[in-house]
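What follows is a short report on a single structure.
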Amino acid sequence: MNHSVMKAVAAGFSTLFATGMVMAQGKFDFGKREYDSNCAACHGIKGKGDGPYNPFLMQKTSSDLTLLSKKNGGVFPYQRAYEIVDGRQAVAAHGERDMPIWGADYLVQAGAYYADVPYDPELYVRTRITALIDYINRMQVK
């Protein structure tokens, strides 16, 4: 398989996961997996900000992720959430950075995962963050 075909196949799979197509079939929820692996320890299983790591955090409690839309006039703040999760660029309006910089972590994971084949590391990062943000969006209170 040549490089361009491999890249197209990888992009197709990434898009499939990021858009929730696999989740819709009830087989796998990529966003939930990312959340459970990276967020639940601080934000809690249900996203209420009651994770078991809270006693060790500088701010004493994590944000309640289920209220993001409610606090933003009923609209999920996708771009703001993406920037906070990615974390590679400081956003002054977000205040101090207590949360891990997941964008950098995902870049490292991409290097380990695709060590022997050509890949687009930013596609790897975007796919995971987009799936995670989609899952957080689905957690919003109605």
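Laboratory data are not the source of any read-out in this text; all were calculated from the coordinates shown. Just so we're clear, the structure is a prediction, and the values are computed from it rather than from any experiment. As a convention, Cβ positions derive from the backbone with ideal geometry for all residues, glycine included, and neighbour counts pool all protein chains shown.
Rank the residues Lys70, Lys48, Lys27 as a footprinting-exposure proxy: fewest other Cβ atoms within 10 Å of their Cβ go first.
On the way: Lys70 14, Lys48 17, Lys27 8.
Ordered by Cβ neighbours within 10 Å, fewest first: Lys27, Lys70, Lys48.
Pop a pseudo-label 7 angstrom from the Cα along the beta-carbon direction at both Lys142 and Phe56 and give the gap in nm to one decimal.
Between Lys142 and Phe56, the simple spin-label model gives 3.7 nm.
What nm value, rounded to one decimal, do you get for the distance between Gln79 and Glu122 when each label is placed 7 Å out toward the C-beta?
Spacing of the two 7 Å Cα→Cβ label points: 1.7 nm.
Kindly put Asp134, Asp86 in sequence by how many other C-beta atoms sit within 10 Å of each C-beta, fewest to most.
Values: Asp134 22, Asp86 19.
Lowest count first: Asp86, Asp134.
Extending each Cα 7 Å along its Cβ direction at Ala115 and Lys71, get the distance between those two points in nm, one decimal.
4.0
Less than 17 Å apart at the alpha-carbon level, and either on another chain or at least 8 residues along: which aspartates and glutamates does that give for Lys142?
Candidates past the 8-residue exclusion: Asp64, Asp134.
Taking the beta-carbon count within 10 Å as an exposure proxy, list Thr127, Thr66 from fewest neighbours to most. Don't skip to the end; give the middle numbers.
Values: Thr127 23, Thr66 18.
Fewest to most other Cβ atoms nearby, the residues stand as Thr66, Thr127.
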